[in-house]
Amino acid sequence: MMYFFLSCVISMAAAYLLGSCNSSIIVVRLLKGEDIRNHGSKNAGLTNTLRCFGKAAAVLTLIGDLLKGVIAVILARLIFGLFGFSGSDYAYLIKSVGYAAGFFAIIGHIFPLYYGFKGGKGVLTSSSILIVLDPLSFALAISCFLLAVAVTKYVSLSSMIAAVFYPILTFVLNYFFYKEPLNQSLTYTGLVALTSAMLIYMHRTNIARLRAGTEAKITDKKRVDKDNNS
């Protein structure tokens, strides 16, 4: 029990610290010598980076945010392995810990220790943990997001739609497709639901603008919101 507790503390702390490395802030500062939080929507995320500093900076931000989630999950697995929790006997535990580590990486992205607890909204980081944990869910979630963007032209709304489907996909795939036991499928779904709830909450200002009809569409090249999506 002591080793399990210690593994959890180290893994979650490492995931949070990793998540706190904001790709947008780092990339813009290195490439442009600027602080992304002083430009456009003031949001340290992909959309604001693209609109204010172009495609090159946005691509590097995309890669960085995706890698954070991937590395957080892999690192958690390695840490638990060092404490003896590895192999098929611990498959359920390791996957659950992966989701938990991903969640803490997202918390770090949203509330980064290194930047006054003001970061992005965690959409890319949340999706990237699935690359390691469940590639099929990742493919379906990204497809859902892209389809929603194509139909609505709203990145923020599409992110929230994908967030709603995220736990549903998790349960359906784990219980019906992977044939996982019900209690395990529900555990994974519960952890994912926490992530989805956090993502939707972080879009509360976008929700207000969507209701008011003032939210910018992805096709609005010259328009920058006061607070945009990450």
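The values are calculated or read from the model by the stated rules, or taken from the named source; none is laboratory data. Quantities reported herein were computed from a predicted structural model and do not represent experimental measurements. Ligands, DNA and RNA are excluded from the accessible area calculation, which covers all protein heavy atoms including side chains. Shrake-Rupley method; radii C 1.70, N 1.55, O 1.52, S 1.80 Å.
With a 1.4 Å probe and every protein chain kept in, tell me what percent of the accessible surface of the chain is carbon plus sulfur.
Carbon and sulfur: 71 percent of the exposed surface of the chain.
Cα to Cα, under 21 Å, and not fewer than 8 places away if on the same chain: which lysines meet these conditions relative to LYS217?
Output for LYS217: LYS42, LYS55, LYS121, LYS153, LYS226.
Suppose all protein chains stay in the model; what accessible area per residue would a 1.4 Å probe give for the stretch 53-170, in Å²?
On a per-residue basis, the stretch 53-170 sits at 42 Å².
Pick out which of LYS121, LYS68, LYS55 has the largest mean-square fluctuation in a Gaussian network model of the chain, springs linking Cα atoms closer than 10 Å.
LYS55
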